Amino acid sequence: MSDLDDFKATYFDECSELLLDLEEQFAAIEAGDRSADRLNAVFRAIHSIKGGAGAFGFTELVAFAHAYETLLDYVRDGRIELSEPVTVLCIRANDLVADFVNAAKAGTSLGATYGADERKQFDALTSGEVVPKDDNESGEPMDDFDIDFTPVMVELPSAAPQPEPVEDAFVHVPLAVEKGHWEIRFAPHRELYARANDPLLLFRELANLGELTVVAKLNEIPPLSDFEPFGVYCIWELTLVSPDATVNDIAEVFEFVEGNCDLSIVQLARSTPAEPSLADLAAVVAVPSAAAVDDEPALSFADLADAVKKEAPPRAVAPAPAVAKPIETAPAPVLAAVDEPEDRRTGPEDRRGAGVQSIRVDLDKVDRVVNMVGELVITQSMLTQQMDDTLRARYQELVRGLEVLAQTTRGLQDAVMAIRAQPVKSVFSRMPRLVRELAAKTSKKIRLETIGEATEIDKTVIEQLSDPLTHMIRNSADHGIESPEKRIAAGKPEIGTIRLSAEQAGGNILIAVEDDGGGINRERVLEVARGKGIVAQDVTPTDEQIDQLIFAPGFSTAAEVSDISGRGVGMDVVLSNIKKIGGSVHVKSRTGQGTRMTLRLPLTLAVLDVMLVKVGPSPYVVPLSSIVETIQCSRADFGRTPSGSQVLRVRGEYVQVVDLADRFQLATDVELANRFVVLCEAEGGTKVALVVDDIIGQQQVVIKSLEENFESIEGIAGGTILGDGNVALIVDVQGLRAPSLHKNAA
């Protein structure tokens, strides 16, 4: 792969992040937050996408993003109101930008007509507005300035008495600025290079505005002994001569690297001094990026008013720190800048310490590290098992070393897992828009609430969440939430609520989709299930079992097929995808009140804390997060149901018993009194009692997928390799307790 390919890969990764950020920003905007920060963030995201696309020659993406960017510029300037239709248009435009990005990534073309309708709407909105002139040119009062006086023309008498000398008096007469002559100081941060930006590309774009002179300042390069390879020691001073360029035009060139550099833009002055006008004085306050003569305090608006009224020259204005776009107002005359003292310039050490340091690493490389950590866990477990009591008594230092190795291994594992962990916000942020579209298609009023967006989970698990959550929310919107008329008739608010939440519970993540709709119509579900042969005619399932039927392949209660539901594949996809990553799904519904679907997911797919048990000649492992307690069978209170099934009575509760030796058809010669019960908790707080021959102990294991290496087995969630080299199967507690609803079930 060439360097250009590497840069492109980095660009497309950034595009994914920016598009995700756009979803989050517009979700907040739709919720009522239309602050300037939101609009600026949207504008910057599109501008960044456009800037990178221009560097790589993605012309279709550049053309559409530029038209969209123009609309956003009008919106953030207040020239176009961000009404609901404009918001909907922007959200649609985000989709098109994503399509153009994907096409550029695939090296394909979407055609000249793709997005043409949206571009026409952009043009219609922007062309119908009159761009306001600069305040200084219009002659109208400056509304943006909080000045408590009306501007008037003031003539400074040539023989006016001079005020008494004051230390901070401005003794120099301002110089008149010369139109079209600009001085630019550009000091990049190390983050600028980390994001694959090249100053040369910026200078080339700047040269398109006029005649450009570039001078590199290398006086900050330290001695070789202090030289840092990734340090930034070069700054540039540029002079631009352009009769038509404005400060906004110049700042726009550097907007792609905003926040990753120090930038100042100053209009040069003529050598002939000129008397300061009121506009010049106001411009000094309006544009605080001009360098100051000394470190005096900034001139307030009240001071400026007094200075004008008393016909006295104002004090020097202290500058604000240079930022990537220091001039946000319309272009105005700027006083000539005085060279900044050496001791006040930002050194490379200051720039290197700014911002959060991060690097992009291919996920495959992280996966290889995870696998190596897993092998290290197995090796550490193997060494621990080899230490019998005799060796422990004889080699105490070795025992302490193994204990330290175990702690270090666990710390390394946690650190690697933290690298892979990501907040579920990246998935949750896509759902508000989905709910909005579903509400429009179903003519319902639906509100989405999200809780626990900061909950972190393994990246591999997150990648498998999008489709299941989409189908679950579709199900809630189409089958759960009633129409406004039905809700009002039932005494409910006309706006239905879907609540999406995430929380950590031990070694699992619980993600729930809950609605306040009508709940599951169990009679209808059972009728359809019998008709499709999913449930035998002579079997009477419990309410919980009926609720779980919505996950059966091909099951649907929809009267007709629509683009939302009706084909019977949605909830089946949920169950199959969640099982692939070792998770489970539980449904709880109350008629007339709503439905709650809960996904129980592993915190990570790599390493698991388990209890090692023995059943017949084989070892098995039970996830520690599922275990409530262990009981010796001789002390357990067993019983039988009228149907003959064995149950365990625990603190007044009757729990289903599953003998793993019988379930897996393993021969055992251990008497029941000497065996053990492992009481586990399944979905929805229900419990199941697993009977095993012996309990070996607790340890960490590396999870290996059975589906990838063999095939899916009911009651088994995966496999692992123990320290002695033997293979042990991981018990699926939820799978063991789910009875079959078919006629021939045992």
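Laid out as a table, the results:
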item: Per-selection Kirkwood Rh - the range 1-62 (Cα, Å, 1 d.p.); result: 12.6
item: By average C-beta atoms within 10 angstrom, highest first, the peptides 224-230, 718-724, 593-599, 434-440; result: 593-599, 718-724, 434-440, 224-230
item: Rg to Rh quotient for the range 352-492, alpha carbon positions, Kirkwood Rh; result: 1.25
item: Environment charge at ASP515 (Cβ cut-off 9 Å; Lys +1, Arg +1, Asp -1, Glu -1); result: 0
item: Cβ crowding within 10 Å averaged over residues, with 192-201, 618-627, 571-580, 379-388 ranked highest first; result: 618-627, 571-580, 192-201, 379-388
item: Square roots of five times the Cα gyration tensor eigenvalues for the range 363-422, Å; result: 29, 11, 6
item: Pair PHE56, ARG522: separation of 7 Å Cα→Cβ label points (nm); result: 5.5
item: Protection-proxy order for peptides 529-540, 471-482, each taking the mean of Cβ atoms within 10 Å per residue, highest first; result: 471-482, 529-540
item: Centroid-to-centroid separation of the range 413-449 and the range 20-36 [C-alpha atoms, Å]; result: 14
item: Cα-based convex hull, the range 607-737, per residue volume (Å³, whole number); result: 119
item: log₁₀ of I(q)/I(0) at q = 0.17, 0.19 Å⁻¹ - the range 424-602, Debye sum with one point per alpha carbon; result: -1.10, -1.34
item: Between the range 598-635 and the range 356-394, the alpha-carbon center distance in angstrom; result: 21
item: Using a Förster distance of 45 Å, the FRET efficiency for THR108-VAL369 (Cβ separation, nearest 0.05); result: 0.85
item: Part-to-part distance (alpha-carbon centres) for the range 68-125 and the range 468-516, which is given in Å; result: 31
item: If the convex hull is drawn through the Cα atoms of the range 49-106, its volume per residue in Å³; result: 62
item: Environment charge of LEU465, counting only residues whose C-beta is closer than 12 Å and scoring Lys/Arg +1, Asp/Glu -1; result: +1
item: Filter on LYS105/LYS365; LYS105/LYS459; LYS614/LYS687; LYS580/LYS704; LYS425/LYS580 - keep pairs with C-alpha separation over 19 Å; result: LYS105/LYS365; LYS105/LYS459; LYS614/LYS687; LYS425/LYS580
item: Ratio of the Cα radius of gyration of the range 3-127 to 2.2 N^0.38 Å, where N counts its residues; result: 1.02
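Every number in this text was worked out from the coordinates using simple rules, so none of it is lab data. This one's a predicted model, so the numbers in the text were calculated from it and none came from an experiment. Neighbour counts run over all protein chains shown; Cβ positions are idealised from the backbone, glycine included.
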